[in-house]
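Undergrad: Got a structure here, written out as structure tokens. Questions coming.
Bear in mind these aren't lab numbers, they're just calculated from the coordinates by the rules spelled out. Bear in mind the structure is a predicted one, so any value in this text is a computation, not a measurement. We place every Cβ from the backbone using ideal geometry, glycine too, and count neighbours over all the protein chains shown.
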Amino acid sequence: MLSLKNLSVSADSKQILQDINLEIGPSEIHCVMGPNGSGKSTLVNSLMGHPKYSVDAEQMSFQGKDLQELEPFERARLGIFLAQQYPKEIPGVNFLNFLTAAFNGCHSEIESFKPMKAFKMKKKIMPLLEDLNLNPDFLKRYLNHGFSGGEKKKAEILQLQLLDPNLALLDETDSGLDVDALRIVGEGVSKFVNSEKSVLIVTHYQRILEYLKPDFVHIIKDGRLVKSGGADLARKIEKEGFNWV
Ligand SMILES: Nc1ncnc2c1ncn2[C@@H]1O[C@H](COP(=O)(O)OP(=O)(O)O)[C@@H](O)[C@H]1O
Ligand SMILES: [Mg+2]
């Protein structure tokens, strides 16, 4: 599905990632770990096409298509989704309208697709809100505006479930959550995984991995992918840190 060959990424002429090689197949779960500032967010942001990063790669493709030639919205239409580490607050943009626009935008190239109206979208979203223990009043609020840290992460999961992509990039979606919110988010992600989709999750913690069993764990250090292994690698990192890598 996703194929990265010698991917290097820089921002403001600072080299951040170097020579990353990574293959993600259908229904595979990959976990990326690494010290703060090692380049994990840079990896997922550049896959989604964030304009602040310059990418140089022998190959950066998804389902055979060269991602470098595609705008972020075109990547989203192909079925790539990013749950951001720090979801942005956008005052003035109503959450329900945002979800409706995102859903319609992702499907607009399907010939038989008719754009959904917001009131219909609301019906579709209500059960998802309930599962996430979010009050329906959230739909009337501005996107992420004044949401708590946990509510922002739940809002990302709501988008994941609504857009139902083929590859989900989840950047520390488990950070800053209390135990109940972690369980709700974990169950949300595991539902997605059970529908045989692919996931690349950036995390610092073993506990989210109780909800999704990674097939591969990768360690990024100083902008390089230095080690790959199975789920046991995540347990070892949690116990022993990164110094031995
Ligand atoms: N726009 C930018 N300009 C310069 N440096 C940046 C920019 N964005 C990120 N960086 C730097 O790149 C490094 C990796 O950042 P990031 O990918 O956010 O790390 P991580 O997610 O692993 O904590 C950090 O040193 C960060 O300061
Ligand atoms: Mg990060």
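Undergrad: For the chain, find the longest principal axis of its Cα atoms and tell me its angle to the long axis of helix 179-194, 0 to 90°, nearest 10.
TA: Taking the Cα atoms of the chain, the angle to 179-194 is about 90 degrees.
Undergrad: To one decimal place, what Kirkwood hydrodynamic radius in Å is obtained for the chain from all pairs of distinct Cα atoms?
TA: Every distinct Cα pair counted, the radius reaches 18.5 Å.
Undergrad: Something else now. For the range 98-144 and the range 1-68, what is the separation of their Cα centres, given in Å?
TA: One Cα centre to the other: 29 Å.
Undergrad: Another question, then. Taking Cα atoms, how many degrees apart are the long axis of helix 231-240 and the longest axis of the chain, rounded to 10 and kept between 0 and 90?
TA: It is inclined by approximately 70 degrees.
Undergrad: Once you've got the Cα coordinates, tell me which of LYS124/LYS221; LYS40/LYS117; LYS65/LYS191; LYS52/LYS117; LYS52/LYS239; LYS88/LYS122 are over 31 Å apart.
TA: Among LYS124/LYS221; LYS40/LYS117; LYS65/LYS191; LYS52/LYS117; LYS52/LYS239; LYS88/LYS122, the Cα-Cα distance tops 31 Å for LYS124/LYS221; LYS40/LYS117; LYS52/LYS117; LYS52/LYS239.
Undergrad: Oh, and also: Can you give the % of DSSP beta bridges in the chain that are antiparallel, to the nearest 5?
TA: 60 percent
Undergrad: How large is the charge dipole for the chain, taken about the Cα centre, if only the Cβ atoms of Lys, Arg (+1) and Asp, Glu (-1) carry charge, to the nearest 20 debye?
TA: 560 debye
Undergrad: How are the C-alpha pair distances of the range 9-99 spread across 10 Å bins, as whole percents from the shortest bin up?
TA: Per 10 Å bin, starting at zero, the Cα-Cα P(r) for the range 9-99 comes out as 13, 44, 33, 10, 0 percent.
Undergrad: Net charge near LYS153, counting Lys/Arg +1 and Asp/Glu -1 over other residues with Cβ under 12 Å of its Cβ?
TA: -4
Undergrad: Taking K and R as +1 and D and E as -1, what net charge do the other residues with C-beta under 15 Å from the C-beta of GLY223 add up to?
TA: Charge balance in the 15 Å sphere: +1.
Undergrad: What net charge do the residues around GLY25 carry, taking every other residue with its C-beta under 13 Å from that of GLY25, with Lys and Arg at +1 and Asp and Glu at -1?
TA: Computed value for this residue: -3.
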